[in-house]
Amino acid sequence: MKRVLLIIGGGVAAYKALEAAREMMRRGIAVSGLLTKGGAQFITPLSVTALTGEKCYTDLFDMGDEAEMGHIELSRSADLLLVAPATADLMAKAANGHADDLASTALLATDKPVMMAPAMNVRMWEHAATQRNIATLKEDSVRIIGPDEGPMACGEFGPGRMAEPAAIADAVDAFFTTGGAQPLKGRRVLVNAGPTHEPIDPVRYIANRSSGKQGFAIADALAKAGADVTLVTGPVSIPTPATVDVVRVQTAREMLTACEAALPVDCAVCTAAVADFRPDLDAHSKIKKERGGLTSVPLAENPDILATLSAPGPNRPRIVVGFAAETNDVVFYAQNKLAKKGCDLIVANDVSGDVMGGDRNHVHLVTEDDVDDWPDMPKTEVGARLAVRIGEMLDRKDAE
Ligand code: C5P
């Protein structure tokens, strides 16, 4: 049985660490808790012990503890150290090698993998010092989960909320399942996903049925394989993976701008169902039926993001992957699309069934000289396999 040492920092999200402990235990992972002084302001050692069924270590440990379980031993007895919530202060200490309390000492003394789920006020998260510490921790192979974006206890809104307990447990579980293999470590990847909304007037828009599920699954899988992922998404109603940086947009033109801003990347994966056309109107107020309404909508062509990213140039990603949603002659159209768009790989899928919005996908991988038919499988597995495939393609490029 795998064991996690859960280091609970001093943040209001500390109560969610208890839920993360339960979620990990539900996945068959043993958890022992280490509560910092700050953490103990929010929850008690007793609640940690009651939940995990194990002793909870705190800064107040006595000589008996030290004889029984020295701090070096403590950090080595686990298969993984998880800091949740990881406060700005605890991350700063870990990034700089401080060891002035039990948590920072355990982090410095360990030779085991470390994951951190940051939680803090949005301005603290965005501060250059925190971002510098995050970069250092990543360089030191610490895996960062989240943070999520949303309303905060302090009343502000933005990135800084701790990732949801289930997402944290999933990340830990996936780590143990893959043995921590990270074939895409050090690679930067851009994924776009979801539909675009093209406004007709301030209250109406043209959209499509894309759910974003496949793109999100791919972004998450690439991140779990070690890549630094920027996910540019149109409006969707599914949870964002805690593992990626998310940029939200509405229109195709905004999506192109956000994608170009994410360059340079090693690989771009264009799963978004970008609207080919947008209403060519300049309606700054609601179009009223009483004033004649609108009986037809003039359209203007949107930029083709995939073709733009694939065009030769100094910033072209080394690998560009496109998607092709077709209802018939799937592979034939995909082969044409590969040439027309100038990308390196097309993932073609048949959307004549309930693929859009569903959880499974049946895809064909089409390259210049090969067609690979994958069986029907969950979208998450398409993501995981595609991450492996992209890793191989990049390795091959390296060797060229
Ligand atoms: O041209 P078609 O929509 O069939 O091609 C699908 C592929 O092209 C997808 O990868 C999609 O993300 C991309 N695309 C794009 N910009 C558009 C239209 C499609 O990036 N305006």
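Could you order the peptides 231-242, 251-262 from most to least packed, using the average number of other C-beta atoms within 10 Å per residue?
Highest-to-lowest ranking by the protection proxy: 231-242, 251-262.
Give me the tail of P(r) for the stretch 256-360 as a percent: Cα-Cα pairs with distance above 17 Å.
64
How large is the translational diffusion coefficient of the stretch 35-180 in µm² per second when you combine the Kirkwood radius over alpha carbon pairs with Stokes-Einstein at 10 °C and 1.306 mPa s?
In µm²/s, the coefficient is 99.
Sequence gap at least 6, Cα distance under 8 Å: using those rules, report the relative contact order of the chain to the nearest whole percent.
Worked out over the chain, it gives 11 percent.
Looking only at the stretch 170-264, where both bridge partners belong to it, what percent of the DSSP beta bridges are antiparallel (to the nearest 5)?
25
Arranged from highest to lowest average of other beta-carbon atoms within 10 Å per residue, in what order do the peptides 319-331, 277-289 appear?
Ranked by mean Cβ neighbours within 10 Å, highest first: 319-331, 277-289.
Return the percentage of antiparallel bridges among DSSP beta bridges fully within the chain, rounded to the nearest 5 %.
30
Could you give the accessible area per residue of the stretch 174-279, probe 1.4 Å, as a whole number in Å²?
Accessible area per residue, the stretch 174-279: 39 Å².
Can you give the relative contact order of the stretch 207-253 as a percent, counting alpha carbon pairs under 8 Å and 6+ residues apart?
That works out to 36 percent.
Let me know the charge dipole size of the chain about its Cα centre in debye, to the nearest 20, where only the beta-carbon of Lys, Arg (+1) and Asp, Glu (-1) is charged.
Dipole about the Cα centre, nearest 20: 700 debye.
How many Å³ per residue does the convex hull of the Cα positions in the stretch 200-292 occupy?
Normalising the Cα hull of the stretch 200-292 by residue number yields 114 Å³.
Choose one answer from 271, 58, 178: the residue with the largest mean-square fluctuation in a GNM of the chain with alpha-carbon springs under 10 Å.
Among 271, 58, 178, the largest mean-square fluctuation in the Gaussian network model of the chain belongs to 178.
Apply the a/c threshold of 1.5 to the C-alpha gyration tensor of the stretch 334-400 and tell me whether it is rounded, prolate or oblate.
Oblate, since a/c reaches 1.5 and b/c is not below a/b.
What distance in nm separates the simple spin-label points at residue 263 and residue 288, each placed 7 Å from Cα in the Cβ direction?
Here the modelled spin labels are 4.5 nm apart.
Taking Cα atoms, how many degrees apart are the long axis of helix 14-26 and the longest axis of the chain, rounded to 10 and kept between 0 and 90?
That helix lies at roughly 80 degrees to the long axis.
Can you compute log10 of I(q)/I(0) for the stretch 179-239 with the Debye formula, treating each Cα as one identical point scatterer, at q = 0.12, 0.14 Å⁻¹?
Each listed q corresponds, in turn, to -0.38, -0.48.
Expressed as a whole percentage, what fraction of the accessible surface of the chain belongs to carbon and sulfur atoms when a 1.4 Å probe is rolled over the protein heavy atoms?
C and S atoms contribute 51 percent here.
Based solely on its DSSP helices, what 222 nm [θ] is calculated for the chain when runs of n ≥ 4 H residues each add -39,500 (n - 2.57) and the sum is averaged over all residues, nearest 500 deg cm²/dmol?
After summing the helix terms and dividing by the residues of the chain, the value is -10500 deg cm²/dmol.
Rounded to whole Å, give me the distance from the Cα center of the stretch 279-302 to that of the stretch 350-400.
Their Cα centres are 39 Å away from one another.
Note down, for the chain, the three equivalent ellipsoid semi-axes (square root of 5 times each alpha carbon gyration tensor eigenvalue), biggest first, whole angstrom.
43, 25, 18
Highest mean first, what order results for 15-25, 305-315 on Cβ atoms within 10 Å?
15-25, 305-315
Enter the angle in degrees (range 0 to 90, nearest 10) between the Cα long axis of helix 379-399 and the first principal axis of the Cα atoms of the chain, meaning the one along which they spread out most.
90
Radius of gyration and Dmax for the stretch 136-267's Cα atoms, expressed in Å?
Both quantities, over Cα of the stretch 136-267: 15.8, 51 Å.
Roughly speaking, what % of Cα-Cα pairs in the stretch 165-210 are separated by over 13 Å, rounded to a whole number?
74
List the pair-distance distribution P(r) of the stretch 76-149, using every Cα-Cα distance, as the percent of pairs falling in each 10 Å bin from 0 up to the bin containing the longest distance, rounded to whole percents.
That works out to 20, 58, 20, 2, in percent per bin.
Taking a ≥ b ≥ c as the square roots of the eigenvalues of the Cα gyration tensor of the stretch 1-120, is the shape rounded (a/c under 1.5), prolate (a/b larger than b/c) or oblate?
It comes out rounded by the Cα gyration axes.
What does the charge count around residue 81 come to, taking other residues whose C-beta lies under 12 Å from its C-beta (Lys +1, Arg +1, Asp -1, Glu -1)?
Here the count lands on +2.
The values are calculated or read from the model by the stated rules, or taken from the named source; none is laboratory data. None of the values given here were measured: they were computed from a predicted structure. Note: ideal-geometry Cβ built from the backbone for every residue, glycine included; neighbour counts use all protein chains shown. Each accessible area value is taken on the protein alone, full model and side chains, heavy atoms only, with ligands, DNA and RNA left out. Shrake-Rupley method; radii C 1.70, N 1.55, O 1.52, S 1.80 Å.
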